[in-house]
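Student: Submitted below is the structure of interest, expressed as structure tokens.
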There are 6 protein chains.
Amino acid sequence: MNVVVRNIHRAETNTIETLGRLGAATVHEAQGRTGLMQPYLRPIYTGARVVGSAVTVLGHPGDNWMIHVAAEVVKPGDVLIVAVSSENTDGMFGELLATSLRARGARGLVLEAGCRDVREITEMNFPVWSRAVSAKGTVKATIGSVNVPVVAGGVHVVPGDVIVGDDDGVVVVPRRQAGAVMQAGLEREQKEAASRKRLAAGELGLDIYGMRPQLAAKGLKYVDGPIDWPSGDVDGI
Amino acid sequence: MNVVVRNIHRAETNTIETLGRLGAATVHEAQGRTGLMQPYLRPIYTGARVVGSAVTVLGHPGDNWMIHVAAEVVKPGDVLIVAVSSENTDGMFGELLATSLRARGARGLVLEAGCRDVREITEMNFPVWSRAVSAKGTVKATIGSVNVPVVAGGVHVVPGDVIVGDDDGVVVVPRRQAGAVMQAGLEREQKEAASRKRLAAGELGLDIYGMRPQLAAKGLKYVDGPIDWPSGDVDGI
Amino acid sequence: MNVVVRNIHRAETNTIETLGRLGAATVHEAQGRTGLMQPYLRPIYTGARVVGSAVTVLGHPGDNWMIHVAAEVVKPGDVLIVAVSSENTDGMFGELLATSLRARGARGLVLEAGCRDVREITEMNFPVWSRAVSAKGTVKATIGSVNVPVVAGGVHVVPGDVIVGDDDGVVVVPRRQAGAVMQAGLEREQKEAASRKRLAAGELGLDIYGMRPQLAAKGLKYVDGPIDWPSGDVDGI
Amino acid sequence: MNVVVRNIHRAETNTIETLGRLGAATVHEAQGRTGLMQPYLRPIYTGARVVGSAVTVLGHPGDNWMIHVAAEVVKPGDVLIVAVSSENTDGMFGELLATSLRARGARGLVLEAGCRDVREITEMNFPVWSRAVSAKGTVKATIGSVNVPVVAGGVHVVPGDVIVGDDDGVVVVPRRQAGAVMQAGLEREQKEAASRKRLAAGELGLDIYGMRPQLAAKGLKYVDGPIDWPSGDVDGI
Amino acid sequence: MNVVVRNIHRAETNTIETLGRLGAATVHEAQGRTGLMQPYLRPIYTGARVVGSAVTVLGHPGDNWMIHVAAEVVKPGDVLIVAVSSENTDGMFGELLATSLRARGARGLVLEAGCRDVREITEMNFPVWSRAVSAKGTVKATIGSVNVPVVAGGVHVVPGDVIVGDDDGVVVVPRRQAGAVMQAGLEREQKEAASRKRLAAGELGLDIYGMRPQLAAKGLKYVDGPIDWPSGDVDGI
Amino acid sequence: MNVVVRNIHRAETNTIETLGRLGAATVHEAQGRTGLMQPYLRPIYTGARVVGSAVTVLGHPGDNWMIHVAAEVVKPGDVLIVAVSSENTDGMFGELLATSLRARGARGLVLEAGCRDVREITEMNFPVWSRAVSAKGTVKATIGSVNVPVVAGGVHVVPGDVIVGDDDGVVVVPRRQAGAVMQAGLEREQKEAASRKRLAAGELGLDIYGMRPQLAAKGLKYVDGPIDWPSGDVDGI
């Protein structure tokens, strides 16, 4: 039941890089508001950014053995996704493993547990998203799997899916949908550029997006005010 | 029941700006340790700072429609307070809305949900306090209200109340008490400057604030020590 | 039952400083993966770092009286550990107390509650680890103790224990074990330097640490792949 | 600023009792899905149920003094709402206070902190909703207020508002809206009885509520299936 | 992208019923300690128990529309698994929907949000596992999907997987592995019965499972004691 | 560093039993409001109650090996306290271990992790306090210690301390203070009986405890009211 799959399918390089440039929020919208990992996964430093192909790791709480195993199958451009069999914050990933992964070509790591040596890893500019920062050390006692589908951050991740991470979070793009999502993202980017210009000039979203009739249909009422709401809990005593 | 109030009362400009200069901690103390929003509301970047008049928004989880509605009634110097009808972390506020609000004169936003595009909003230097950072997109399906009293961060906020936010959190000053709170804050500021000088010179709070008799009256005892507490859990084995 | 112990035993200066240089993660490993405070205790600014002898404070939620009492017994090189009798996030520590503690020689503070004035304390470069940031003010109404054993961050801390804090968290080294832990830490440091060089050159942990036979013995299997996992939840519809 | 208001307005007895019979979920819906306290407030025993007029208490973490003060102004039929100035779980309410409140006619209590003596209070059949169960004792050191507006469970509660609590949570009905909410609740009750009968007979909500056209308009598609989703993470290895 | 799949594959009835009799803990162990939903999903009443085929629902926070849609495709013996696109506690499921589902043959429901009408649903003996209990009502505004793979409680659930729920939690058995898991579960049940008898007679697990040599090999040491640990924090003062 | 201490000191039987009769809340108060474990430790069934001598276990997340080891050193009347080296909810304790512990004379267990087989353990009437209920199985891979001081629920527990658990939580009484705490508890019990009678007769705590002068001295003001607080957020629109 515990298995390491040496080789995985990956999306096209060009698609991957474009998805990375678009960023997590745009990509998440472009694929119909799906695939976003839960927001407890935070970058260990501001400005962290990554895109790459998912190499998945299924490990156990307090045990980082399988990350060593995964280091062997990583190819340049990959991003490790480390799922843990139950909720845990131990520091499963530190500077030595970051050194090893970088040497093997990995671009970053997403971790359902804790990260340590965050000062050193930040200096290396190796992007990591984790549930916590913790110096807690781990053992190497129980085996898991590498490159099988896992659930991380509430999302089902299949090896080779495209991972897009930045300050806003981590999005998973199913490999075979990567091209279509990239197209939708590029279109969204253009549309947003147009909206941005109008909004910056002071136009209202209400007008740009034509929202007024819908709001009226839903029953939204306007009153002029001001209303003399009592201000302050003990006002009047 | 869903209503937009176009106009609100606001406190005096001078009072507002002075409260902003005093900062959240001093203002919170000056009004009798009340009005502080709960500490889960954090700035999206270090050094965020805002003061202004509350324009309130009552929305729903995963739905940011009413922020667009609020953009129309914002006046220069206002701060949006976005309450949500149940706990949620979806990214209800992003860079396009920030662009729109800034264009209309808003100074910042406090949000009982998630914020996205945090890199771009940080670059804009548009201060936001939120419950979470999340790329999760939202719909525009259910109407709410603008400029009615709301509860945000555990505090009752009335439109036109003064909002003071910085790294320490967000404080709400009831509009009609703003002048009195400003006075109390200025006095507190002076007193603290005097204490700071004495403390920096090595004097003790025990002496400056005359605490010794009270502590003795409460029964606090001093012993010289050192006591040979066993140090270490397995010491002696 | 409420007592202030004026004097405590401390570890040797050289040992203390060396432990500080090694940092929290290495020290925690060196003493057998014990003594780490729970990861909810976070530094108020990136890059905070401290080492020193524990002066302990046992206080109550919303009451910072005993920190003033502790300021009198602090000696240069000490670190305050402030435990609270029940979970609380109120801002028990601010810039005035930081000024006082620095004037008395304290190097930093670890706090089972909230910290405020974080901008000012960051500018002072006075390192603080806390459970939360909160402007919430506190009273001075109930006495506690100073320099008795306390539990903070889930760790039993005895006055005079060595406290090592950095971005990775806070570790407590029992005073009488400080020398032995320092030795183990120095050895670990050397071993890690050797591993780092090999890992940076692309060697695998699997080989450096001789893990392959153990993994095989546990039953880990390798398959070549790639496997055609369906990518995308609705792929194929 | 700390004040006890001896007398409050109350809603009509008949309205109050009817709202209690309707229960929290129906009343919450009947007033437009507003007024529900957050779900962390749970009854200390299954089957707890209360309705009455809010007597409000604003206290401090770890300090239950003001509940004693409130006991004097309680009238038969009242429900205490105890807000705390910051998040806390200490056992602010126990069997002695329950005995006192019952003797004065109070029907129950909602508490933004911890409850203790839960076995005894359950045997008394005195309904309590709290954030936690905790034996942690409290002091009587800091004064607060009684019968001023407070925020509890995320809802603004004004003295005399109608409180409806049961296994589903606690709802606050503004006093002057109580009659209208009661009417809406009774209508809702009737409509639900009709729906219940049809649903129990196997009719679908899709048909009873006429949802099919809207779903189609939104773009919902039906496929016959079954689809051969791969079942099991490692299926096929 | 939003789709309802009318028909699904199901496991064999006999296998399903046997898995239900074995219960969540045994089934979870029997499939190699996988498939357990996270423990925040709790039954709304003690003694809740269910087994059946998963009909999956993907909905949105505060919106229960798709449960109505799912009611049409449910077959007798099914269990609904309701995933939500972001974390939410609103009361998406109540007594009317329970009445409808029961009438259509559903045996129970697992819900990544809140449940309401818990007294009525308990009286119906309709088992529900949820993240929270909340009276909060929901809208019917945004469509989702039925019978597509979802992630619920941190587990990937495919329509037709076998769901086993009881007081210990909810386990998902991939449909095609159901037979093998049942066999492993029956064997485990027998082995445990033998162990139980020996343990009840006072034999030690150390001897029954032959653990002593392994513990010695790992370096576990025994000392006779008793050790005079100082008992009590302030003992000796 | 990993050690099993076979024998421990225990308090006197009579003292232990009396502390158990007094219950957690009274004992916690009697020892000066100290020693209470944090309230996240909850009994797995209503009405659970235990008193006994602490046999301590220090284990690791997801690993219950050391409970088997502890079963050998348990004596009739003991209560196991299981600490875990980092936060975890895995089901480390189930019905087989409960059977074993009962056969060896243990009276109950307090567990910083998850419990499973809660139906069976409830039927056995074997009291357990845990952080969670979870069917998640565990391994037996890493050794820990038995009968060394541990921190559990935020309290330092020394082997042989008296553990008092009931619906209100778990209190730790240092062994050498057990007699004094018992005396203080018996006195408190008597005083409370007197207060209870007066409170039940409708007397106020304000008078029984003589609180009125202190409240006045602190500045509490009374006003007659009623005050016409606006009731309802949108009242008046």
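The values are calculated or read from the model by the stated rules, or taken from the named source; none is laboratory data. What you see is a predicted model; the values in this text were computed from it and never measured. We place every Cβ from the backbone using ideal geometry, glycine too, and count neighbours over all the protein chains shown. Just so you know, the surface numbers come from the protein's heavy atoms only, side chains and all, with ligands and any DNA or RNA stripped out. Shrake-Rupley method; radii C 1.70, N 1.55, O 1.52, S 1.80 Å.
Student: Hey, D:GLY77 hits all of (1) more than 8 Å from chain F (Cβ to nearest Cβ); (2) of a type outside the set (A, V, I, L, M); (3) surrounded by 24 or more Cβ atoms within 10 Å (Cβ to Cβ); (4) in contact with a strand residue (DSSP E or B) (Cβ under 6 Å, 6 or more places away or on another chain) but one; which does it fall short on?
Tutor: Among (1) more than 8 Å from chain F (Cβ to nearest Cβ); (2) of a type outside the set (A, V, I, L, M); (3) surrounded by 24 or more Cβ atoms within 10 Å (Cβ to Cβ); (4) in contact with a strand residue (DSSP E or B) (Cβ under 6 Å, 6 or more places away or on another chain), D:GLY77 violates only (3).
Student: Could you run through region C:131-143 and say how many residues are within 19 Å of the chain's Cα centre (by Cα) and under 28 Å from D:TRP65 (Cβ atoms)?
Tutor: Number of matching residues: 2.
Student: Which of the residues belonging to region F:48-65 are of a type in the set (A, V, I, L, M, F, W, C) and within 9 Å of another protein chain (Cβ to nearest Cβ)?
Tutor: F:LEU58, F:TRP65
Student: Give me the strands (runs of 3 or more DSSP E) completely within region A:39-118, filtered to those with at least 3 residues that are in contact with a Phe, Trp or Tyr (Cβ under 9 Å, 6 or more places away or on another chain), ordered by residue number.
Tutor: A:108-115
Student: Right, next: Mind checking which residues of region B:9-37 are touching a residue at least 40 places away in the same chain (Cβ under 8 Å), facing another protein chain (nearest Cβ under 7 Å) and surrounded by fewer than 23 Cβ atoms within 10 Å (Cβ to Cβ)?
Tutor: The answer is B:HIS9, and nothing else.
Matching residues to (1) at pLDDT below 95; (2) over 30 Å from C:SER145 (Cα atoms):
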{"site": "F:ILE16", "(1), (2)": "no, no"}
{"site": "F:ALA24", "(1), (2)": "no, no"}
{"site": "F:HIS28", "(1), (2)": "no, no"}
{"site": "F:THR46", "(1), (2)": "no, yes"}
{"site": "F:VAL57", "(1), (2)": "no, no"}
{"site": "F:HIS68", "(1), (2)": "no, yes"}
{"site": "F:GLU72", "(1), (2)": "no, yes"}
{"site": "F:SER86", "(1), (2)": "yes, no"}
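Student: Also: Answer with yes or no whether E:VAL51 is closer than 23 Å to D:LYS221 by Cβ and either hydrophobic (A, V, I, L, M, F, W, C) or surrounded by fewer than 24 Cβ atoms within 10 Å (Cβ to Cβ) (or both).
Tutor: So E:VAL51 fails the test.
Student: Given (1) at the interface with another protein chain (Cβ under 7 Å from one of its Cβ atoms); (2) touching a Leu at 6+ places or on another chain (Cβ under 8 Å); (3) not small (Gly, Ala, Ser), identify the lone condition not met by B:ILE208.
Tutor: (1)
Student: Okay, next question. When you go through D:TYR45, D:TYR40 one by one, which is the residue that is surrounded by fewer than 24 Cβ atoms within 10 Å (Cβ to Cβ) and away from chain F (no Cβ under 12 Å)?
Tutor: D:TYR40
Student: Let me ask another. Just one of (1) of a type outside the set (Asp, Glu); (2) within 12 Å of the chain's Cα centre (by Cα); (3) at pLDDT below 95 trips up C:GLY32, so point out which.
Tutor: (2)
Student: Listed residues C:GLY160, C:GLY137, C:GLY202; which is surrounded by 24 or more Cβ atoms within 10 Å (Cβ to Cβ) and either in a strand (DSSP E or B) or touching a helix residue (DSSP H, G or I) at 6+ places or on another chain (Cβ under 8 Å) (or both)?
Tutor: The match here is C:GLY160.
Student: Quick check on F:VAL84: is it under 20 Å from F:GLY165 (Cα atoms), more than 10 Å from chain E (Cβ to nearest Cβ), out of contact with any helix residue (DSSP H, G or I) (no Cβ under 7 Å at 6 or more places or on another chain) and surrounded by 23 or more Cβ atoms within 10 Å (Cβ to Cβ)?
Tutor: yes
Student: Which residue out of F:GLU29, F:GLU17 is touching a helix residue (DSSP H, G or I) at 6+ places or on another chain (Cβ under 7 Å) and not in a loop (DSSP other than H, G, I, E, B)?
Tutor: Step by step, each of F:GLU29, F:GLU17 is checked, and only F:GLU29 is touching a helix residue (DSSP H, G or I) at 6+ places or on another chain (Cβ under 7 Å) and not in a loop (DSSP other than H, G, I, E, B).
Student: If B:LYS221 passes every condition in (1) surrounded by fewer than 22 Cβ atoms within 10 Å (Cβ to Cβ); (2) on the phi > 0 side of the Ramachandran plot but one, which one does it miss?
Tutor: (2) is the only condition that B:LYS221 fails.
Student: Moving on. Taking A:ARG196, is it open to solvent by 40 Å² or more (accessible area, probe 1.4 Å) and within 14 Å of chain C (Cβ to nearest Cβ)?
Tutor: Criteria not met by A:ARG196.
Student: Take B:TRP229 and tell me if it is of a type outside the set (Asp, Glu), away from chain A (no Cβ under 13 Å), outside any helix (DSSP H, G or I) and under 19 Å from the mean Cα position of the chain (by Cα).
Tutor: Judged against the criteria, B:TRP229 is not a match.
Student: In this structure, does D:VAL164 turn out to be under 30 Å from D:VAL57 (Cα atoms) and within 14 Å of chain F (Cβ to nearest Cβ)?
Tutor: For D:VAL164, the condition - under 30 Å from D:VAL57 (Cα atoms) and within 14 Å of chain F (Cβ to nearest Cβ) - is not met.
Student: For region C:88-120, what are the residues that are more than 10 Å from chain B (Cβ to nearest Cβ) and over 18 Å from the mean Cα position of the chain (by Cα)?
Tutor: C:ASN88, C:MET92
Student: Give me the residue from region C:140-157 that is open to solvent by less than 10 Å² (accessible area, probe 1.4 Å), touching a helix residue (DSSP H, G or I) at 6+ places or on another chain (Cβ under 7 Å) and part of a loop (DSSP other than H, G, I, E, B) and, out of that set, nearest to the other protein chains (Cβ to nearest Cβ).
Tutor: So, considering only residues that are open to solvent by less than 10 Å² (accessible area, probe 1.4 Å), touching a helix residue (DSSP H, G or I) at 6+ places or on another chain (Cβ under 7 Å) and part of a loop (DSSP other than H, G, I, E, B), the one nearest to the other protein chains (Cβ to nearest Cβ) is C:ASN147.
Student: If a residue must be in contact (Cβ under 8 Å) with a residue 12 or more places away in the chain, open to solvent by 10 Å² or more (accessible area, probe 1.4 Å) and either within 24 Å of C:GLU189 (Cβ to Cβ) or among the acidic types (Asp, Glu) (or both), how many such residues does region A:119-134 contain?
Tutor: Total meeting the criteria: 4.
Student: So in region F:169-184, with the set limited to residues that are farther than 27 Å from F:GLY62 by Cα and surrounded by 24 or more Cβ atoms within 10 Å (Cβ to Cβ), which one is farthest from the other protein chains (Cβ to nearest Cβ)?
Tutor: Per the stated criteria, the residue is F:MET182.
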